[in-house]
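S.K.: Starting off with a structure, shown below.
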């Protein structure tokens, strides 16, 4: 920093104290500048004087992707419709003047479906080379350029046909390129942060996805992440006549674990079917009331959701009074199903619904176990116990 710049920026304040604690007074250069803003600006400048917006050159550690980013494979060539087919998904490459709708028409997909999958509007203008991820596979892919893909559009060797002047009579099959991954952009991500996440260069990310020059991306955008290229194996020479050594398979690095496969014909274990009616709590023993019907509890008491219990009962099964008392009310629900209310001593009431025929009337005296009607066709009887008008768990009152 020159002495003139230092004097102008960090010169003394009008009070003569120089830096005034919270900021820096710029004499003759303009208004007050906060010290924190100036420190950030200076820190973002690299050692070579260039602007470093994400501080990669300033912070220590392994933030550099230069080594891993130099070997990403080039993007495969699309077919005549602009489609690139990978083993797990397909993408479409936009042409000059394309919109999402025109790409969808060319490849045989709905414009709304393609736009929604890529977080775009159907009328959105696309930059030439931009990539759209397809929500599903499209059939009828035409044969692409020779050497780039197979007849079905499946990528087999993205390096084929590049820089060659002649075709050998019997070319050896080239190894298949690694399948690129897919990344969906979330809020706060940039092209640089995504490139660092996958250890690739931002230039490779841009060329694979046809990003604009400012590297702008949008939330929900689906990006192809190219796999880093693989270093060619070292040449191995052998004595003439001995042949080439057999390469070591990847599985030889560690022995395979013992595998015990269950035959497909083995029947699956039977699922447990607990009898909820038999699983009573300790509080239910020696209770005041008896079960109105003999059956399993198929739905338990839940305060505010199910103010009683549901007991399995076939149509026509006798429904008995849980205890002695007086029939206080007989009414019907919105479906016309009878509801019987029996009042007992101690400010207790029992409620029965899911009935069909009735054997009692309002005001009748009933004893414990006396039939008050029969179960309807719903397959269960609903039973409640109330203290006053407040529902309580019936299982705490049952024998």
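The values are calculated or read from the model by the stated rules, or taken from the named source; none is laboratory data. These figures come from a predicted structure and were not determined experimentally. Cβ sites come from the backbone with ideal geometry, for glycine too, and all protein chains shown count toward neighbours.
S.K.: Checking residue 274 against (1) farther than 25 Å from residue 379 by Cα; (2) at pLDDT below 85; (3) part of a loop (DSSP other than H, G, I, E, B), which single condition isn't satisfied?
M.R.: (1)
S.K.: Can we say residue 293 is crowded, with 19+ Cβ neighbours inside 10 Å and not in a loop (DSSP other than H, G, I, E, B)?
M.R.: no
S.K.: I'd like to know if the stretch 327-337 contains one or more residues that are crowded, with 16+ Cβ neighbours inside 10 Å, over 24 Å from residue 287 (Cα atoms), in contact with a strand residue (DSSP E or B) (Cβ under 7 Å, 6 or more places away or on another chain) and modelled with pLDDT of 90 or more.
M.R.: So far as the stretch 327-337 goes, yes, one or more of its residues are crowded, with 16+ Cβ neighbours inside 10 Å, over 24 Å from residue 287 (Cα atoms), in contact with a strand residue (DSSP E or B) (Cβ under 7 Å, 6 or more places away or on another chain) and modelled with pLDDT of 90 or more.
S.K.: For the stretch 103-116, check the following and say yes or no: at least one residue is more than 17 Å from residue 84 (Cα to Cα), in a loop (DSSP other than H, G, I, E, B) and at pLDDT 90 or above. If you could, list the steps in order and put the result at the bottom.
M.R.: To start, the set of residues in the stretch 103-116 that are more than 17 Å from residue 84 (Cα to Cα) comprises 110-113, 115-116.
Still in the list and also in a loop (DSSP other than H, G, I, E, B): 110.
Retained after the next criterion (residues that are at pLDDT 90 or above): none.
No, the conditions are met nowhere in the stretch 103-116.
S.K.: Of all strands (runs of 3 or more DSSP E) completely enclosed by the stretch 298-340, which ones contain at least 2 residues that are within 50 Å of the chain's Cα centre (by Cα) and touching a residue at least 24 places away in the same chain (Cβ under 8 Å)?
M.R.: Hits in the stretch 298-340: 309-312.
S.K.: A further question follows. For the stretch 299-326, what are the residues that are over 19 Å from residue 399 (Cβ atoms) and surrounded by 11 or more Cβ atoms within 10 Å (Cβ to Cβ)?
M.R.: Within the stretch 299-326, 299, 302, 306, 307, 314, 315, 316, 326 meet the criteria.
S.K.: State which residue is nearest to residue 337 (Cα to Cα) when the search covers only the stretch 356-399 and only residues that are touching a helix residue (DSSP H, G or I) at 6+ places or on another chain (Cβ under 6 Å) and part of a helix (DSSP H, G or I).
M.R.: 395
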